[in-house]
């Protein structure tokens, strides 16, 4: 049995901590746990004692790879929060955490300002309509300038939206404290004017939330602290302001003010009022009654096995009880409910709205599923994950371990929807794809550690295709005599380019090929387009008209006509100016402006066609169409020349003709093989 947990839902705050790698998110989490008394020793990333970064990989890299659920109490409020990776290749962990959270705390490095990971966090929060805070960290470091970072944020998101709640006194080594815009009394003379302006701006926002408050405010009356807090709370909830907090985790400056702000201004679970469902309908949120939760994370724990992490959105769940998976239609039984602080697991009897916890013993429940204590509950929106951008062909290191590898990777994919694993129908290779080389290699290290199997990696074959550019004809007579019944069939056909795809037209008249053999001819043609004459690739955009043939009353058979049709088509293609086609992908790259020249130069070198350049969230964005064959190592290259400060998305666009010099190499390599 676990301990009973009866927290007033109004005293729960649920949020995700996100931002670019190196901003100090994990150190902030460790400090919050320590200051709240949840742990009695301050964890340190550099000393490998962090509560959040507790896996061997994270300790080795001194960087977050997985999203970690954490919880603590602060001023009688229970805080549930997720520490997320800032590195782009592990974005799946970040996305799932956003979907499990009611608010967002974006951590920004005071030296570097707004970076790609921070902009991505802001966009995720906006898309999911989550209230946002910004914490500008590391203001004790050299070369920090809070005013510059604030100006940058205001330029990008609007000076009426980005409003400081606390400001630093001093900078770099001289950073000594923060002042609260609304509450601090002892303000340095050189800051009085600026602080006064921001205080007036915040009070204007509060007054605008209510007509009666506006009248009192304009008449010169002072607003109470409760009225100010309520007005700011509404403004944060609506997204009309994003409060900015200043501080240093390393020196423990400004963190207490931040935690107080979380309690005072972030949304409690019931304040949202409505839940948006899969069909875009809305329902009321309730405290008691049937439990409704989103599954957002799955973990293979070495001691308790599969652990499923849920965020309770409405109602209540109890340990050792039945639940229904509304996404799969299955019925399951919950084992233990566990509160999570890194690797620490605390059994509890019951959880309500806002809680983030782990559930054991769910066998057929996956990330993105909706679970409910009632079989008639509503299904929640699915989590939208990006497509992989890098792939490897894999093989088991040891013969006979192919099945173990498939089972192990299958379990990893269950825990990471941005990891894909399948057999490519056109190339026949087994492909493992993910968000980058680090992501894939980290997954394979886990495969080795958990399932004791290893794989070899190789660059995957490009799924080229073949087509024709002119009309042509093909005739083939298949004749074989080997004692007894022989084999005989003759097929005559015409082919022409067809942008509508693959089409077969039967123009046989007079029974030159009997009707009962026509299906065999068609089957032979379908088999023939699986391997074209140039490089053995699948054939597309082809119209085949079968217009004549011959048969033998005794020796003709379905097999003979299949062979004749296949050979006739290959002959026709050789006479129709065949060409090789390559897949083209649409690539969107987001980087700080200083790297744009490297990016566009690199894409041009890769035969890319630049489609346009824009700015989003203060960062440069370039979109281009690039041959897939040129993108094999782009994730690694981008990480290298932007020092991890660039991200990209990639999606299939179309097929295009391969330039002759490259096509000749592909065809030559195929013939050698």
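Where a number appears in this text, it was derived from the coordinates with a stated rule and is not lab data. Keep in mind it's a predicted model, so treat the numbers as computed, not measured. Here Cβ is always computed from backbone atoms with ideal geometry, including for glycine, and neighbour counts include all displayed protein chains.
The stretch between residue 423 and residue 530, if pulled fully straight at 0.36 nm per residue, gains 36.9 nm over its current Cα-Cα span.
With r as the distance between the Cβ atoms of residue 300 and residue 155 and R0 = 56 Å, compute the FRET efficiency 1/(1 + (r/R0)^6) and round to 0.05. Write down the numbers at each step before the final one.
On the way: r = 44 Å, r/R0 = 0.79.
Efficiency, from the Cβ-Cβ distance: 0.80.
Note on residue 559 and residue 126: the extension gain reaches 149.8 nm, defined as 0.36 nm multiplied by sequence separation minus the Cα-Cα distance. Under 19 Å from a label point set 7 Å out along the Cα-to-Cβ vector of residue 397, the amide N atoms of segment 435-462 belong to 438-459. Report, in degrees rounded to the nearest 10, the 0 to 90 angle that the Cα long axis of helix 518-528 makes with the longest principal axis of the chain. Once rounded, one gets 60 degrees. When both bridge partners sit in segment 470-576, DSSP labels roughly 75% of those beta bridges antiparallel.
Of all DSSP beta bridges confined to the chain, the antiparallel ones make up roughly 75%. Against the empirical 2.2 N^0.38 Å (N residues), segment 91-169 has a Cα radius of gyration ratio of 1.12. Sort segment 390-458 into rounded, prolate or oblate with this rule: let a ≥ b ≥ c be the square roots of the eigenvalues of the Cα gyration tensor; rounded if a/c is under 1.5, and if a/c is not under 1.5, prolate when a/b is larger than b/c, oblate otherwise. Note, shape of segment 390-458 comes out rounded. Estimated from helical segments only, the mean residue ellipticity of the chain at 222 nm is -8500 deg cm²/dmol, where each DSSP H run of four or more residues counts as -39500 (n - 2.57). Spatially, segment 467-514 and segment 227-266 are offset by 75 Å when compared through their Cα centroids. Relative to the longest principal axis of the Cα atoms of the chain, helix 192-208 runs at roughly 70 degrees. Going from the residue with the fewest nearby Cβ atoms within 10 Å to the one with the most, 214, 631 rank 214, 631. Going by neighbour counts of Cβ atoms within 10 Å, the residues 144, 68, 427 line up, fewest first, as 427, 144, 68. With the cut-off at 1.5 for a/c, could you classify segment 473-553 from its C-alpha gyration tensor as rounded, prolate or oblate? Note, shape of segment 473-553 comes out oblate.
Take every DSSP beta bridge whose two residues both sit in segment 1-160, then give the antiparallel share in percent to the nearest 5. Intermediate results must be reported in sequence, preceding the final value.
Numbers: 7 of 24 bridges.
That works out to approximately 30 percent antiparallel.
Rounded to the nearest 10 degrees, the inclination of helix 116-127 to the longest alpha-carbon principal axis of the chain is 90 degrees.
Classify segment 248-312 from the C-alpha gyration tensor, please: rounded if a/c falls under 1.5, else prolate or oblate depending on whether a/b exceeds b/c. Oblate shape, in that a/c is at least 1.5 and b/c is the bigger or equal ratio.
Note on segment 2-66 and segment 599-673: Cα centroid distance 38 Å, given to the nearest whole angstrom.
Order of 372, 357 from fewest to most other C-beta atoms within 10 Å?
Values: 372 22, 357 27.
If I rank by nearby Cβ atoms, fewest first, I get 372, 357.
How much FRET efficiency would the formula 1/(1 + (r/R0)^6) give for residue 330 and residue 504, where r is the Cβ-Cβ distance and R0 is 51 Å, rounded to 0.05? Each step should come with its number before you reach the end.
Working: r = 43 Å, r/R0 = 0.84.
About 0.75, to the nearest 0.05.
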